1. Nearest 10 degrees, 0 to 90: what angle lies between the long axis of helix 121-132 and the longest principal axis of the chain (Cα atoms)?
2. Given the C-alpha centroids of the range 522-581 and the range 7-72, what is the distance between them in whole angstrom?
3. Kirkwood-based Rg over Rh for the range 247-366 (C-alpha set), two decimals?
4. Can you list residues from other chains, or at least 5 along the same chain, whose modelled amide H is less than 5 Å from the amide H of Phe68?
5. Which one of Gly285, Ser575, Thr321 is farthest out on the positive end of the charge dipole of the chain, using unit charges on Cβ (Lys, Arg +1; Asp, Glu -1) and the Cα centre as origin?
6. Within the range 290-337, report the trypsin sites (Lys or Arg not before Pro) that DSSP leaves as loop and that have at most 14 other Cβ atoms within 10 Å.
7. How large is ³J(HN,Hα) for each residue in the range 422-430, as worked out from phi by the Karplus curve 6.51 cos²θ - 1.76 cosθ + 1.60 (θ = phi - 60°), to whole Hz, x for Gly and Pro?
8. Which value does Rg/Rh take for the range 221-297 over its C-alpha atoms, Rh per Kirkwood?
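The values are calculated or read from the model by the stated rules, or taken from the named source; none is laboratory data. Worth saying up front: this structure is predicted, and the values here are computed from it rather than measured. Backbone-built Cβ (ideal geometry, glycine too); neighbour counts: all protein chains shown. All accessible areas refer to the heavy atoms of the entire protein, side chains included, with ligands and DNA or RNA removed. Shrake-Rupley method; radii C 1.70, N 1.55, O 1.52, S 1.80 Å.
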Amino acid sequence: MPQGLYVMSEEPRAGKSAVALGLMELLSRSGMDVGFFRPLVRSAEMRDPTIELITRRYRLNLPYESMFGCTMEEALRLISSSRYEDLLSISLDRYKELEAVCDFVLCVGTDFAGTTPFPLEFDFNADVARNLGCLMVPVATGRGKTAQEVADTVRTFLESIEKRHCDVLSVVVNRVAPDLIRDVSERVGTVIKQDVPFFVVPEIAVLGRPTVGEVAGELKAALIIGDGESLHRAVEHYTVAAMELPHFLDYLREGSLIITPGDRSDIILGTLLADASGEYPHIAGLMLTGNLMPAPQVRRLIEGLNKSLVPVLSVETDTFTAAMRASSVESKIAPGNTRKIAAALGVMEASIDFAGLGNRLSMTHLLRVTPLMFEYKLIHQAKSDRRHIVMPEGTEERILRAAEILLLRGVVDVTFLGNAEEIRREIGSLGLSLDRAKIIDPAASEMRETFANAYYELRKHKGISLQMAHDAMSDVSYFGTMMVYQGLADGMVSGAVHTTQHTIRPALEFIKTKPGCSIVSSVFFMCLEDHVAVFGDCAVNPDPTAEQLADIAVSSAETARAFGIEPYVALLSYSTGESGKGQDVDKVREATRLARQLRPDLKIEGPIQYDAAVDATVARSKMPGSEVAGHATVFVFPDLNAGNNTYKAVQRSANAVAIGPVMQGLKKPVNDLSRGATVTDIVNTVAITAIQSQSERSEK
């Protein structure tokens, strides 16, 4: 079950707050500890009204600052600096902090309205929902639209959501004219997928009209006569009083907010007399403009006449400006307005099958892991149980810069290997803060002799002499690997300068494979636009046997699961199912049988072609009924030629980030870097190595 829902619209004033109230009512009845989150709020100074509404209504015992990502001002600054990814990361970090103390989090997206335009607002909401791992509840509005226009809006909305790879729980079509409900339902039903429920909610007058208090708040008006309850009156019309009183009385309408200069005693008194008489419609309130107040004698009369507590407001602006601003105020559901809250809950509960949505939510399982989610999980999982990683290439600039990031964020402890003076000189020239890193020179270390003796005992049957062992321990790769073997470090990361063979050979010689695993292999985490896939083996084994391929499949599934990716394993070939013949496809078929025998708990499919593994439409044609086909997350290639070429093709053509190769099958983690690795690549690989060490300790 996902841990969050994301309510969003693509137009202003769609009624997201009312939908959020209905969903919070459902979630609060479940017994879960529910949190509330908004990715953006208008400002730090003014508290967000939707957060206030939900917090007060459901008594959320959460700090206000924990319930939003950042302010609009901060978001615009990041976007103008081409730091959109940082904006998403801030929302993700704040959301995850809230998620850690709640069972479930309801999110409401941005408002699509306001004086400060937010560029690419729809894209931002979709990106946030996807990266938070939330199911989406799109809210379309039928306000002022024909039935066909509503259906077209829903179609466009869902197409845009699908393009951005978001998962939808349900669609709500809100604020539909009551006489169009049936027509809208029929037309929307033709444009929506059968497995996605949708609900049509009628417009009700009380939710569509602002209150006197909402108008007062937007215009910063002072309440000079009346009480707090009178501010909950709904404003149905705006009437400017500029003519003589007898003529003006003919224009009074039920629920009008009368706007007049503060020195028009005749209009003020006449309006209140008309309201009290019962012969004229009842008004919502009076707004006095120009910062003019009635004379004291007139005020006494007002207070005596105003038995029904008609609210009287005062504003500084002129009558025309006040009327224009007041008429543009949109209705909101204020925290203290019990009438609107009750109306919103009533219409939502009457229109939406919340029990059915609850069941659908509990049965939904999200497979999608976005690259941003993956990187977040890497860092935070590594930090949860801090490991010690040795990095043999201590003079390499990228290694040093990555280590500084890792130490500043408290991800791991680091030891550099190499000439201590050269390493310190390089650190100083780069201006880095690496005081907490340890530095060991293998050639001068007192551990060299102990390591040499241990290596001699491990490899003397292979013809290694004590002198050869002593010489080997001056090499940073051998020394670093021996630190891991002896438990003096939890893992090693190298390869930014050294070759793969130089990095991995010592581990193959004396760390060796885990019990039950016949082969050391590798995977790449392929960070695509909307998800992370696992590709193996793309770096180590040229032509594995069926038995080795089965081990690679099992190891790759375990690696995926250790990093929060649910393994749906596809053993790839040029043929799907039973259709193909030949030695190569037979090898994959046998490997699939062996892998299922080794791990019957895993979802494994093969042989299967790549298109059938990733495309649900193709899967239904080529392999109907398969749990893996169309949903694969782990891809096992039949040989190194296929694997290495495919990962590079996907990396370049899909602009994917390839993290790896990540070694698997070893008793203790040693990982190789690409010699073109960036600082970010190194940070991610070190975090992966730390997590592998955590898993290895957990297994023990």
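1. 50
2. A separation of 41 Å, based on Cα centres.
3. Working: Rg = 21.1 Å, Rh = 17.4 Å.
With Rg and the Kirkwood Rh in hand, the quotient comes to 1.21.
4. Arg38
5. The Cα lying farthest towards the positive end belongs to Ser575.
6. Loop-located and lightly packed - Lys307.
7. Result, ordered by residue: 5, 5, 5, 5, 5, 4, x, 5, 8 Hz.
8. 0.93
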